[in-house]
Structure formats: C-alpha cells, structure tokens
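Take a look at the structure set out below.
The values are calculated or read from the model by the stated rules, or taken from the named source; none is laboratory data. Only a predicted model underlies this, so the values are computations on that prediction, with no experimental measurement involved. All Cβ positions, even for glycine, are placed from backbone atoms using ideal geometry, and neighbour counts span all protein chains on display. What goes into the accessible areas is simple: the full protein's heavy atoms, side chains included, and nothing from ligands, DNA or RNA. Shrake-Rupley method; radii C 1.70, N 1.55, O 1.52, S 1.80 Å.
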Amino acid sequence: MKHILYIIGFLLPLTVFSQEDKVLVITDTTVADKWMILGDNWRYQKGDNMSWANPEFDDSTWNEFSSSNLNLIDGKNVIADRGEIVWFRKRIMADQSLNDALVLNIYQEGASEIYLDGKLIHQLGKVSSNKDEVIYNNPFRQILHIPIEKSKEQILAVRFVNAQFKYPIYFHYNGLFRIYLSSLRNANSTDLIKNYRVAFYRQFINNYNISLGLAILMFIIFLSFFIFFPKERINGYFAASLLFLILFTLGVLSFYPNTGNYFWLTFYFDTCILISCLILLFCFYKILEQPIDIVFKAISVLCFLTIGCYFLYDPDVLAPIWSILFYAAIIRLSLKSWNKNKIASFLFLSSSCIELVFWTLILCLYMGLVEQRIEKFIPFAFMLTNVVLAIYLGYAFGKRSQDLRLNLERVQKLSKEKESILSQQKDTLEQLVKERTSELNQSLDELKATQSQLIQSEKMASLGELTAGIAHEIQNPLNFVNNFSEVNKELLEELEEEIVNGNYDEVKALAQNVSANEDKIIFHGKRADGIVKGMLQHSRSSTGQKEMTDINSLSDEYLRLAYHGLRAKDKTFNATLNTDFDHSIGKLNIVSQDMGRVILNLITNAFYVVKKKKEENPKGYNPTVSVSTEKQDNMVLIKVSDNGNGVPKEVLDKIFQPFFTTKPSGEGTGLGLSLSYDIVKVHGGELTVDTKQGEGTTFTIALPMK
C-alpha cells in the first residue's frame, strides 16, 4: 500500500504538469522581437454552436492536433471541407514578465470570428452557415490587438468558415488558416527580420505604390508625346500598355486581398496585366521592325484561353507562366533583330533575361520548390521592362532630335555659303524681274484685250443665233401692222363716201372700226419695238443694275427666239418645246440682261445637241427641249433639259472651264458656259449639270428669291 501511494504521489505531479503544458504561456522573450506561430495544442470541432466560445465550455471531447498550421483542405490535417464551419479553441496565458501589449496577425482563406473568454474581439469577414451570405476576408496586412490579461488562463476561440474555392494540388501554402502572435513594439518595427509578417507586406505595398507613381508618370509623358506627335504611334501603344498596368496596380492596392470575391478580382487583375503585356509585346514587334508572326498570335490565344480556366488552374501560378512565355518571346525577338538594331536588342535582351529568371523563381516559390520569399519585388518586375522600353524610346527620340539638329546645322552652313552667291545674283535678278514684269504687264494688257474681244465675240455669236428668230418675231407684228393699215385705208375711203351720202350712223360704225384697228396697230408696233429693244439690250455691255424681272416671261421669250433662229437656218429642223412654269414665283431681283444671256446660252446649247443627235437619224427619235421653273425652299430653280446624247463623263468636270468646248473648231469659243457660271455665281446662285449618257442633259440655275 505504501508503494502504491508513492507511485500515485509520483504520477500526480506529472499529470498536472502534462495538463499545464497545454496552456500556452506567453513571455516577453517569446514575442519581443519575433512573430510566434500559434500552431500547437489546438482543439477543434466541426459544426456551429455559439456556446463554444464560452470559456466554461468543456472541450475535452474535441479532437486535438499539434501543427504549425491549421490545414483545412488539401493538406495532411484535413479538418473541414470547403464552405464548412469549424471551431478552434486554445488555452493561453500572459506571463507577468510581459512588458508590452500583444497583437495578432492572421492569414486565412475564408472568414472568421476571434473570441477571447467568450467575448468577440475581431470579426474578419462574415461567418454564416448559408454559403451565399459568407463574406471572405484575408487580413494578413492588419495588426489585430488582443486584450489578454496577465497571469490568467484564458480561452482563445476561433469560429471559422473555409473558402469555397479549390486550389490545384501543386499550390503550396502551409495552411489556409494561420495565426501569429507578437508584441506591439515588434509589430510596429520596420526590421524585415524581426517583423517579417507585417513589415514584409508593408514593403510589398510600398513597392506597388512606387510602381504606380512611376507608371502614372510615364503614362502622362508618353500620352503627351502621342498627343503632340500623333504620327509616332508607338508612344500611344506604350501609353495604352501603361494604362492597363495602372488599372492592375490600382486594383491590387484598392481591393486585394480584403474581399471574398477572390476569383473575379484575380480575373480582373490578370486580364489587366495580360492586356498590358500583349500591348507591350506588340510595341517590341514594332520597335524591332518584326512582322506579327505565329508566336505572337499563339501567345495571345493561349493567354486569353487560360483566363477562363481559373477553376482548373491557380490564377497566381498563371501569372508567372504568362510572364515566362512573354519574356521568352522578347528574347527571341531581340536575337532576331540583333543585326538591325543592336542597342534596342541589347536593352530588351538584358531586361528580359532578368525577368525570365525572376518569374521562374516566383513559379518555383508557388510550387514549393524554393523557400526564399521574393514576392515583394513583383511590382518592380512588372515595371522593369516598361522602364527599359521608356529609356529606349527616350534614346530614340533624342537620337532623332540630334540627327535633325545636325541636318539643320548642315543646312545652315550651306545656306551661308549660298547667301553670298544669292547676294551677287540679287541685282541681276532684280533687273531681269523688272524687264520680265514689263513684258508680263504688256502681255496681260494684250490678254485682257483679247479676252474682251472673245467675250464680245461670244455675245455677238449669241446675238447671231437670235437674229433669225428676232426677224421671225418682228415679221408677225409687222404683218399685223400692214394688214390693219390696209384695212383702215379701205375703211377711210368708205367713211368719205358715207359722209358725202349723209349716212352718219354708218360713219360712226366705220370710225369705231378704224379706231379698233389703230389699237391693234399700236399693240403690234409696241411688240416689235420691245423685240428690237431686247436685241439692243442683249448686244450692249451689262450695266450690272438689278431690276425686278419676270423669269417665266424671260425664259419663254428666249426659248422661242432661239428655236425660230435655228429654224431660220435649217427649215428641216423641228423640235418639241415643253414649258412648265411655276407662276407663284413672281418677279426676281436680277440683272435681266445677264441672266437672259445665261438662259439663252443653255437653250441654244440644248437645241445644238438635239439637232446633232437628229442628224445621226436614230430610230423613233423626237428632239425635245424643255424649260421649267419651280420654287424650292427659298430658291428658284430654272431647268433647261434636252434629250440629246448627254455630256461624256471624261469632260464633265471641264465644261465650266474657260475656253473648253466640245463643239468642232470654229463653232464655239468655249466661253458660253464659263460666263454663264460666273453670272449665276454673282447672283448668289449655283449652276449645276445632271447628265445621262445617251439620254440627255439638264442644266439647273438655282437663284435665291431675295
């Protein structure tokens, strides 16, 4: 019995000591200058019960494990499936030697609630059994205070829900929930060795801020270059690449990782950086003067295809794979272009080799092949090639500027050499210029005189076209005058006889007839007088004085005169004359003499072309000339149409040029349409032509109503 009591007395302290080992005692030396991983002596239970946060709750039936990490899936210690809630509990106690406040740093792929003795001290995301309500949050950049009391055993409880997304098997993390403990003094330290957990990520973010500022600066510079020198498109391409790099960096700084929408954000990040890299690769092709080949197309297609495969591959692993392909392509381009552009090839080859080594190490890190953490240099890796490209573009711009300056100096030197020669020749040239100017003035005077003669000749030609028509028009009123004069003579003889006979009633009737005939004689006499005055007015030089003119009467009069003039020359010629006048137009304020010449010229040309087509004797052809007027908005349109052969397309643009004519030599001066065009322009109108080969032509005079 005595021996049994000795044994019990010996084992009892060991048992107590074993129970006390499960309480983590935190001393000043354990957390003063380092982060301690809380990975041992955890108890865990799947499920969800808020009473499990209570320090009085008995967790002796829970499972236990000791590991530096709390692996939830795809690890050795599978505790909870994706989207499943699990509770962790651990006993901790702060020693009296602790001289500083304690803080936590947590890395998690999910959402959690941290309890100390049943009191919620930190909520990191939103934990819920409803998967649609869970909000994920990874607070690895945050320092979380823990209000622990000295010399008191307390329960640290964690309510955790695991993320629903799945990583591939090669994704190397030590766990999906890791909790670190340190002193506040160490947490605020900038020493990367002592404060690796926080200071590392601070430097990581600071590096991104530096990269962002540099990217924005280069973007503004090269966008400005592109705006001021739009022909230098390479600056625009580079600015576009920098824009997507800026969007990527802003996304990293603004959102990652404090959100649960991990995949969509990664999709945004990788899409931005992918587009930036592809545009940058395109810039290298342009600078090195290489055609877009199958390699560029293959890389583009492969990268865009992998964007949609996030549920099969880890997006963080895709980034270094893309980068390796991208920089391998640049190395290939640089080697191909070495003989063409050694400076650019050397710069791009050197930077791409550095990038290739770096991203290979990053890929090895993500796959667990290396331990050295170099992620903090990723922002600078993104910027290295951009900076090198910016340096080369600046060098190329400076080289071009230097070449331009040297060319300018050579030009200035040649200019000075020629200045003396030019000075010697100046006096001689001035004398020659004076003599030549005198000759030109004389030639100009002769040209003006010739031009005046040609214009007068054109007027006389149009007058000649009118002569026969005018004679025909004058003949009609003269015949009336003669006929009524003879009738009046007979009536006067009868009047004398009736006076002698004393038949005064008959005398009155005869006197009335004589008076009526006299009115007709006066009417037709005035008509002949008007025709003669119109002919004289047409032959005189224009005064330029505008007057209210009936455009319908003017058009109708010149249509008849031109037709009868042509008939007088060729009795066999007949044509159909069509008129369609808009009588609502009223009178226009125009120089009637000048506008009459325009209308006459167009009508005369119309008769000329239908007569020429008639001479070709086409079957069933009936020469037709139409003149019409119409009101359109605030314009009056005068149209002269024919059914001739039309104007050939090859000469259509020349018909309004001076001295251009399609008539045989001797039949036209080539000034008719040119003068007509100028007259219409002076009136503020337009003279246009519409023609169809073999069908006819329509000339349209558009005059403003005011």
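List of remarks:
- The listed residue being part of a helix (DSSP H, G or I) and modelled with pLDDT under 90, out of L356, L325: L325
- One residue from L561, L566, L554 being in contact with a His (Cβ under 9 Å, 6 or more places away or on another chain), part of a helix (DSSP H, G or I), surrounded by 15 or more Cβ atoms within 10 Å (Cβ to Cβ) and modelled with pLDDT of 75 or more: L561
- Subset of segment 135-164 that is in contact with a helix residue (DSSP H, G or I) (Cβ under 8 Å, 6 or more places away or on another chain) and charged (D, E, K, R) - its residue that is surrounded by the fewest Cβ atoms within 10 Å (Cβ to Cβ): R141
- Taking the conditions (1) in contact (Cβ under 8 Å) with a residue 40 or more places away in the chain; (2) open to solvent by less than 90 Å² (accessible area, probe 1.4 Å) in turn, I391 satisfies each one other than (2).
- Residue in segment 91-105 that is modelled with the lowest pLDDT, counting only those that are in a strand (DSSP E or B) and of a type outside the set (D, E, K, R): N105
Table: residues versus (1) modelled with pLDDT under 70; (2) touching a Phe, Trp or Tyr at 6+ places or on another chain (Cβ under 7 Å); (3) exposed (fewer than 14 other Cβ atoms within 10 Å of the Cβ); (4) on the phi < 0 side of the Ramachandran plot.
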| position | (1), (2), (3), (4) |
| --- | --- |
| I37 | no, yes, no, yes |
| Q45 | no, yes, no, yes |
| T61 | no, no, yes, yes |
| S67 | yes, no, no, yes |
| D74 | yes, yes, no, no |
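- Residue selection: R436 fails the criterion of being assigned to a helix (DSSP H, G or I) and closer than 30 Å to N341 by Cβ.
- Tally of residues being in a helix (DSSP H, G or I) and either more than 24 Å from A390 (Cβ to Cβ) or among the aliphatic types (A, V, I, L, M) (or both) across segment 359-378: 9
- Members of segment 284-306 that are in a helix (DSSP H, G or I) and open to solvent by 70 Å² or more (accessible area, probe 1.4 Å): K286, I294, K297, V301, L302, F304, L305
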